[in-house]
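**Student:** My questions all concern the structure below.
The values are calculated or read from the model by the stated rules, or taken from the named source; none is laboratory data. Model, not experiment: these values are computed from the prediction. Here the Cβ positions follow ideal geometry from the backbone for every residue, glycine too, while neighbour counts run over all protein chains shown. We work out accessible area using only protein heavy atoms, side chains counted, and drop any ligands, DNA or RNA first. Shrake-Rupley method; radii C 1.70, N 1.55, O 1.52, S 1.80 Å.
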Amino acid sequence: LLHIDVLMRLGAALVHATRGFDGEGAIILHKAMALARHLGDNLRVAECLRELAFIDVQAGRHTSADRSINEAKILAEVSGNGALIAGVLAIAGMNAADQGRHQEAVSHLTRSARMAHQASRPRQEAWSLGVLARSLQLSGDVEKSLTAADASIRMCERERWNAFLPWPQSWRANALLELGRHDEATEVAQKAFALACELGDPCWEGMAARSLALLALQGGDLSSAQEWI
């Protein structure tokens, strides 16, 4: 079991590192899952499937992600492990959202955040709320999106989890912009971009730059908007 745990942690670390090494991480996670299946350890199998589903979602392989998610859901529900269920639901929500199925995503992510809270997993709760903010906003519920983003930001700050913070900050900026609160939106987007640059994370930099482009566009500054895009 210790060998499996080491492989799982190494695989996850490779996947979630800045400019992640998803291919290398997937190879190690598959090794861990094979060992877990051999020992009949369904809890660890489900954890590996969740990570592998995340890799597939990131790569746009939604069908294979669904297969891993569906098996992981069954194993997680049987285990009764609330933290694991929350993690699997979070990836299910992300996968649905990336395919434009935002109402389905809202359902998964809302339950994920609730179960993460019950299981005392604040970072999972913050992550699920941040991704929930995106789906709420893209499905037209800007006020609820702002509420989810604010809650995610508060949890990130409480946990000192700067690695994720620019994501909910960017969606908060977008929501404030849609609500006509231009100055607040600009301040939040600038903070998100500065932190993303400090982290050296191109995904977060792009998210924040998009927010700043939208702000410039609404303000009529087309040249700045083009530069940010």
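**Student:** Reachable lysines from K31, Cα under 27 Å, same-chain residues fewer than 8 places away excluded?
**Tutor:** K73
**Student:** Run the numbers for R101 and H3: contour at 0.36 nm per residue of separation, minus the present Cα-Cα distance, in nm. Each step should come with its number before you reach the end.
**Tutor:** Values: separation 98, 0.36 × 98 = 35.28 nm, distance 3.81 nm.
That works out to 31.5 nm of additional length.
**Student:** Continuing with the same structure: How high is the relative contact order of region 1-50? Use alpha-carbon pairs under 8 Å, at least six apart in sequence, and give a whole percent.
**Tutor:** On the way: 46 pairs, mean separation 16.7, N = 50.
The value is 33 percent.
**Student:** I need the Debye-formula profile for region 1-55: one equal scatterer per C-alpha, no solvent, reported as log10 I(q)/I(0) at q = 0.19, 0.26, 0.29, 0.31 1/Å, two decimals.
**Tutor:** After summing over all Cα pairs, the log10 values are -0.52, -0.92, -1.11, -1.23.
**Student:** Can you compute the helix-only [θ] at 222 nm over the chain? Use -39500 (n - 2.57) per DSSP H run of at least 4 residues, normalise by all residues, nearest 500 deg cm²/dmol.
**Tutor:** Details: 12 runs with 192 residues, N = 229.
Helix contribution divided over all residues of the chain: -28000 deg cm²/dmol.
**Student:** Jot down the radius of gyration and Dmax of region 1-93, Cα atoms only, both in angstrom.
**Tutor:** In Å, with Rg to one decimal and Dmax whole: 12.1, 34.
**Student:** Jot down the radius of gyration and Dmax of the chain, Cα atoms only, both in angstrom.
**Tutor:** 18.2, 62
**Student:** Something else: What is the percent carbon and sulfur in the accessible area of the chain, measuring with a 1.4 Å probe over the protein chains and ignoring ligands?
**Tutor:** Numbers: 5970 of 11260 Å².
On the chain, the fraction of accessible area on carbon and sulfur atoms equals 53 percent.
**Student:** In degrees, nearest 10, range 0 to 90: what is the angle between the Cα axis of helix 182-199 and the longest Cα principal axis of the chain?
**Tutor:** Between helix and principal axis, roughly 50 degrees.
**Student:** Let me ask something additional. At 0.36 nm per residue, and after removing the present C-alpha to C-alpha distance, how many nm does the segment from A34 to E159 gain when stretched out fully?
**Tutor:** On the way: separation 125, 0.36 × 125 = 45.00 nm, distance 3.36 nm.
Residue separation times 0.36 nm, minus the Cα-Cα distance, leaves 41.6 nm.
**Student:** Between region 210-229 and region 89-132, how far is it from one alpha carbon centroid to the other, in angstrom?
**Tutor:** Region 210-229 and region 89-132 have Cα centres separated by 30 Å.
**Student:** Then there's this: Can you order the peptides 99-106, 35-42, 87-94 by their average number of other Cβ atoms within 10 Å per residue, highest first? Could the numbers behind the result be given before it?
**Tutor:** Values: 99-106: 17.0, 35-42: 14.5, 87-94: 27.0.
Ranking the peptides 99-106, 35-42, 87-94 by packing returns 87-94, 99-106, 35-42.
**Student:** Please report, to two decimal places, log10 I(q)/I(0) for region 65-186 at q = 0.23 Å⁻¹ as given by the Debye formula with identical point scatterers on the Cα atoms and no solvent.
**Tutor:** Debye output, listed in q order: -1.25.
**Student:** I would also like to ask the following. What number comes out for accessible area per residue over the chain if the probe is 1.4 Å? Units Å², please.
**Tutor:** Per residue, the chain has 49 Å² of solvent-accessible surface.
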